[in-house]
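Novice: Below is the structure I would like to discuss, written out as structure tokens.
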Amino acid sequence: MNLDNSSISIVDLPDEMLLSIFNKLSNFDVLYWLVGVNKKLDNIARDRKFTQSIDLTSISSSEKDDPKTNAILDRFCLYILPRIDNNVKCLIIDGYFLERILHGNKFFNLQRITLINLDMNMASHILNENYPFVINFKQKLSELIIRIDCEDPSVSMLNLLIDIYHRTFALFSNLKYLDLDVNNNYFFSKSLLSGLSSTACISSSITHLCIKLHNIDDCLRLLDGRLNQLHTYIVKLEFIHDPELLRHYPSEITHNASLLLNNTKNVEKLKCFSLCACVQTTELDSLVIPLVHRLSHLEKLTLSLRVSERYSYIDGTYLENSLLRQMPYLQTFFFDIATEYVYIDGQVRPYFNDIRHTFIQRGYNVDGYIDSMNSINKIWNRYHVYSLPFHMEYIHPISHGFPGGMFINVANLRIRDRSNSFEHSFFAKISRSFPLLRRLSIQIKIEKKEKSEEVSSIIEFSRLVELKYVSAHIDYVEQFLSDMKTRLPSLIKLIIRYEHLATITENFRRNATRINCAKLKSIEFYDETPMVHSKDFYLYFPLL
């Protein structure tokens, strides 16, 4: 059948069937290719429901200088959007193109916008009371999702970020849904909300708040009654409190946290609470549990914690007695809890099945593992238990005993172990368990036992874009960079010791590691490097 006949047969399909087909495709692609081409297809493509939500993230700011990308964007912004902008209620866009997309388009009915890949300066520019985006939409928007991308931990950038947080709360007065996040590998070094006055203007209509913060004090500040309609509160923290500061100023930190905790009010409408803290804490009993007790009307609770320096592990019995009995309305409880630096001198170490049973008898399906780690003059134990199915986007660092499973939402993973050797089969298990993994950090100190093992199959991490080695043995550089063991088709960033990279690549001449290095656009070294790299180095990494 020739192209003309094929086109005629498509046009002859009923409108309902065509719309059903279009709904299975990207509406951006449908609009780009069909608007203005044929009257019938044009009308169906511009259907009010079909064009309510427009996702423009297929146009990436990484391609902003590509003439083809600019031509596509011009057609969409100048010809297509003006014909559908009254229909659009939801926009998802790369922040770099915001000004271009909004120019000349009114979006009278826009209610929700998602901005991704905002660098810090761009976010500060956009979230300004004099910027057209804020002027036009500060009263209209009911839902705002912001993803800030920043790798610069400098004081000036952190101060700018604090200002961005404060402005976001103050500028949009009718928000019901706010999701404010910074990329997962950005590390806050101080509070983001400590300067936020108790009388500061915050949209009191917010019912859903998802936010990344520094420590639990920031979390508590937003529970002082100003968000009295809050139904869902999802908090991602670096710390409960910084362990180093807590060690030096325990009384001051504990006192301030106690004041903030006692000032929590109007939380009766809060039904869903999620707390994730990345760094170890000793304050589970003294602060986290008392906070959850105050949120006694919760129906759904998620806890993701690393608890340290205990003489007992966290199991189902502990959680039942210390927490769950105080939650009469609780219907759903998800958790990922690693109990680290557990000292059980003179006690018999339990099997993981014993721990699992304490959860199963209370109706919770769990998995996990126990590992022993060597420390100075001590052997300590690590207990990691998590609910199944695993819905969270973050899992705490895993170690040698990790049993595998399916962690479909996890994009960032850290493997940390100072006492065990890891073989090829373990990393094959990781690739199966984390199919959407994008960033991997390896902190394994013990060399491989089977250095010359024959691998039955080559492992592939198809989506991995960043690989980081932290005090890792060189054997694990070989494991990932040799294409005879692992394929990394998407790898663009590597963080590594220069000495290890030079050794494994045989001074940037080895063919077996060339393919996995060919697409690298960024390499960060954390040891001494040559003042000037060799010609072989630049030939080996052509995209640097």
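Novice: Only one of (1) surrounded by 15 or more Cβ atoms within 10 Å (Cβ to Cβ); (2) polar (S, T, N, Q); (3) within 23 Å of ASP119 (Cβ to Cβ) fails for ASN27. Which number is that?
Specialist: It fails just one condition, (3).
Novice: Sticking with this structure for a sec: Among the residues of region 333-353, are any assigned to a helix (DSSP H, G or I) and modelled with pLDDT under 95?
Specialist: First, pick out the residues of region 333-353 that are assigned to a helix (DSSP H, G or I): 352-353.
So of that shortlist, the ones also modelled with pLDDT under 95 come out as 352-353.
Within region 333-353, one or more residues are assigned to a helix (DSSP H, G or I) and modelled with pLDDT under 95.
Novice: Being modelled with pLDDT of 90 or more, surrounded by 14 or more Cβ atoms within 10 Å (Cβ to Cβ), small (Gly, Ala, Ser) and under 30 Å from MET122 (Cα atoms) is the requirement here; does SER60 meet it? Quick ask: steps written out before the conclusion?
Specialist: Working: modelled with pLDDT of 90 or more: no; surrounded by 14 or more Cβ atoms within 10 Å (Cβ to Cβ): yes; small (Gly, Ala, Ser): yes; under 30 Å from MET122 (Cα atoms): yes.
So SER60 does not fit the description; no.
Novice: For region 373-412, which positions are at pLDDT 95 or above and among the β-branched types (Val, Ile, Thr)?
Specialist: Across region 373-412, the qualifying residues are VAL385, ILE395, ILE398, ILE408, VAL410.
Novice: Pairs please, first residue from region 118-138 and in contact (Cβ under 8 Å) with a residue 24 or more places away in the chain, second anywhere and among the small types (Gly, Ala, Ser), Cβ atoms under 7 Å, 6+ apart in sequence or on different chains.
Specialist: Close Cβ pairs (under 7 Å, with a partner that is among the small types (Gly, Ala, Ser)) amount to LEU118/GLY95; MET122/GLY95; ILE126/GLY95; LYS138/SER173.
Novice: Continuing with the same structure: If you go through region 389-405 one residue at a time, how many are in a loop (DSSP other than H, G, I, E, B), aliphatic (A, V, I, L, M) and in contact with a Leu (Cβ under 9 Å, 6 or more places away or on another chain)? Quick ask: steps written out before the conclusion?
Specialist: Restricting attention to region 389-405, the residues satisfying the condition of being in a loop (DSSP other than H, G, I, E, B) are 389-393, 395-397, 399-405.
Then keep just the ones that are aliphatic (A, V, I, L, M); that gives 392, 395.
Okay, now just the ones that are also in contact with a Leu (Cβ under 9 Å, 6 or more places away or on another chain), so 395.
Residues meeting the conditions: 1.
Novice: Another question, then. When you scan region 64-106, how many residues do you find that are closer than 18 Å to VAL35 by Cα and basic (Lys, Arg)?
Specialist: Total meeting the criteria: 2.
Novice: Given the criterion among the acidic types (Asp, Glu), surrounded by 17 or more Cβ atoms within 10 Å (Cβ to Cβ) and more than 21 Å from the chain's Cα centre (by Cα), identify the matching residue among GLU238, GLU283, GLU268. Break it down into steps so the answer makes sense when it comes.
Specialist: Numbers: GLU238 fails: more than 21 Å from the chain's Cα centre (by Cα); GLU268 fails: surrounded by 17 or more Cβ atoms within 10 Å (Cβ to Cβ).
Going through GLU238, GLU283, GLU268 in turn, just one is among the acidic types (Asp, Glu), surrounded by 17 or more Cβ atoms within 10 Å (Cβ to Cβ) and more than 21 Å from the chain's Cα centre (by Cα): GLU283.
Novice: Report yes if ARG325 is outside any loop (DSSP other than H, G, I, E, B) and either aromatic (Phe, Trp, Tyr) or surrounded by fewer than 20 Cβ atoms within 10 Å (Cβ to Cβ) (or both), otherwise no. Give the steps one after another, and end with the answer.
Specialist: Details: outside any loop (DSSP other than H, G, I, E, B): yes; either aromatic (Phe, Trp, Tyr) or surrounded by fewer than 20 Cβ atoms within 10 Å (Cβ to Cβ) (or both): yes.
Spelling it out, ARG325 is indeed outside any loop (DSSP other than H, G, I, E, B) and either aromatic (Phe, Trp, Tyr) or surrounded by fewer than 20 Cβ atoms within 10 Å (Cβ to Cβ) (or both).
Novice: Check whether at least one residue in region 71-93 is polar (S, T, N, Q) and in a helix (DSSP H, G or I), and report yes or no. Steps first, answer last, please.
Specialist: At the first step, the residues of region 71-93 found to be polar (S, T, N, Q) are 86-87.
Those still in the list that are in a helix (DSSP H, G or I) too: none.
Looking for residues that are polar (S, T, N, Q) and in a helix (DSSP H, G or I), one finds none in region 71-93, hence no.
Each row is one residue, and each column tells you yes or no for (1) in contact with a Lys or Arg (Cβ under 6 Å, 6 or more places away or on another chain); (2) β-branched (Val, Ile, Thr); (3) surrounded by fewer than 19 Cβ atoms within 10 Å (Cβ to Cβ).
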{"position": "ILE492", "(1), (2), (3)": "yes, yes, yes"}
{"position": "ILE523", "(1), (2), (3)": "no, yes, yes"}
{"position": "HIS533", "(1), (2), (3)": "no, no, yes"}
{"position": "TYR538", "(1), (2), (3)": "no, no, yes"}
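Novice: Restricting to region 399-414, and then to whatever is hydrophobic (A, V, I, L, M, F, W, C) and in contact with a helix residue (DSSP H, G or I) (Cβ under 8 Å, 6 or more places away or on another chain), can you tell me which residue is surrounded by the fewest Cβ atoms within 10 Å (Cβ to Cβ)?
Specialist: To start, the set of residues in region 399-414 that are hydrophobic (A, V, I, L, M, F, W, C) comprises 402, 406-408, 410-411, 413.
With the extra rule that they be in contact with a helix residue (DSSP H, G or I) (Cβ under 8 Å, 6 or more places away or on another chain), the set shrinks to 402, 406-407, 413.
Details: PHE402: 20, MET406: 13, PHE407: 23, LEU413: 21.
Checked region 399-414; the qualifying residue surrounded by the fewest Cβ atoms within 10 Å (Cβ to Cβ) is MET406.
Novice: Let me ask something else about it. State yes or no: is ILE395 in contact with a helix residue (DSSP H, G or I) (Cβ under 8 Å, 6 or more places away or on another chain) and touching a residue at least 24 places away in the same chain (Cβ under 8 Å)?
Specialist: Working: in contact with a helix residue (DSSP H, G or I) (Cβ under 8 Å, 6 or more places away or on another chain): no; touching a residue at least 24 places away in the same chain (Cβ under 8 Å): yes.
Considered against the rule, which asks whether it is in contact with a helix residue (DSSP H, G or I) (Cβ under 8 Å, 6 or more places away or on another chain) and touching a residue at least 24 places away in the same chain (Cβ under 8 Å), ILE395 comes out as no.
Novice: A follow-up question, please. Could you check region 415-444 and list, in sequence order, the residues that are surrounded by fewer than 18 Cβ atoms within 10 Å (Cβ to Cβ), among the basic types (Lys, Arg) and under 18 Å from the mean Cα position of the chain (by Cα)?
Specialist: Hit for region 415-444 is ARG438, nothing else.
Novice: Same structure again: Would you confirm, using the coordinates I've provided, whether ILE135 is surrounded by fewer than 18 Cβ atoms within 10 Å (Cβ to Cβ), β-branched (Val, Ile, Thr) and more than 19 Å from the chain's Cα centre (by Cα)?
Specialist: Numbers: surrounded by fewer than 18 Cβ atoms within 10 Å (Cβ to Cβ): yes; β-branched (Val, Ile, Thr): yes; more than 19 Å from the chain's Cα centre (by Cα): yes.
Considered against the rule, which asks whether it is surrounded by fewer than 18 Cβ atoms within 10 Å (Cβ to Cβ), β-branched (Val, Ile, Thr) and more than 19 Å from the chain's Cα centre (by Cα), ILE135 comes out as yes.
Novice: Find the residue count for region 124-170, including only residues that are outside any loop (DSSP other than H, G, I, E, B), among the polar types (S, T, N, Q) and either under 24 Å from SER53 (Cα atoms) or in contact with a helix residue (DSSP H, G or I) (Cβ under 8 Å, 6 or more places away or on another chain) (or both). Let's see the steps before the verdict.
Specialist: Residues of region 124-170 outside any loop (DSSP other than H, G, I, E, B): 124-126, 132-137, 143-148, 155-170.
Subsequent filtering for residues that are among the polar types (S, T, N, Q) retains 124, 136, 156, 159, 168.
Next, only the ones that are either under 24 Å from SER53 (Cα atoms) or in contact with a helix residue (DSSP H, G or I) (Cβ under 8 Å, 6 or more places away or on another chain) (or both) stay: 124, 136, 168.
Selection size over region 124-170: 3.
Novice: Among (1) closer than 27 Å to ARG247 by Cβ; (2) surrounded by 15 or more Cβ atoms within 10 Å (Cβ to Cβ); (3) of a type outside the set (A, V, I, L, M, F, W, C), which single condition is THR302 missing?
Specialist: Answer for THR302: the failing condition is (1).
Novice: Right, something else. I need the full set of residues from region 245-273 which are of a type in the set (S, T, N, Q) and more than 18 Å from ARG294 (Cα to Cα), in order please.
Specialist: From region 245-273, those of a type in the set (S, T, N, Q) are 251, 254, 256, 258, 262-264, 266; that's our starting set.
Result: SER251, single match.
Novice: Give region 489-544 a look and list any residue that's part of a helix (DSSP H, G or I), among the charged types (D, E, K, R) and under 17 Å from VAL465 (Cα atoms), or say none. Talk me through it step by step, then tell me what you get.
Specialist: Initially, region 489-544 is screened for residues part of a helix (DSSP H, G or I), giving 498-504, 511-517, 535-540.
If we keep only those that are among the charged types (D, E, K, R) too, we end up with 499, 514, 535-536.
Residue satisfying the conditions is ARG514 alone.
Novice: Restricted to region 94-123, and to residues that are touching a strand residue (DSSP E or B) at 6+ places or on another chain (Cβ under 7 Å) and assigned to a helix (DSSP H, G or I), which residue is surrounded by the fewest Cβ atoms within 10 Å (Cβ to Cβ)?
Specialist: By that ranking, first place goes to TYR96.
Novice: Filter region 259-285 down to the residues that are of a type outside the set (D, E, K, R) and in a loop (DSSP other than H, G, I, E, B) and list them by number. Break it down stepwise before answering.
Specialist: First pass over region 259-285, keeping only residues of a type outside the set (D, E, K, R): 259-264, 266-267, 270, 272-282, 284.
Scanning region 259-285 gives ASN263, THR264, ASN266, VAL267, LEU270, CYS278, VAL279, GLN280, THR282.
Novice: Among (1) closer than 20 Å to PHE133 by Cα; (2) part of a loop (DSSP other than H, G, I, E, B); (3) modelled with pLDDT of 90 or more, there is one condition THR51 misses while meeting the rest; what is its number?
Specialist: Failed condition: (1).
Novice: A follow-up question, please. Out of (1) more than 20 Å from ASP181 (Cβ to Cβ); (2) of a type outside the set (Lys, Arg); (3) free of Cβ contacts under 8 Å to residues at least 60 places away in the same chain; (4) not in a loop (DSSP other than H, G, I, E, B), what's the single condition that is false for LEU298?
Specialist: Answer for LEU298: the failing condition is (4).
The values are calculated or read from the model by the stated rules, or taken from the named source; none is laboratory data. Fair warning: this is a prediction, and the values are worked out from it, not measured in the lab. A quick note on method: Cβ atoms are made from the backbone with ideal geometry, for glycine too, and the neighbour counts reach across all protein chains shown.
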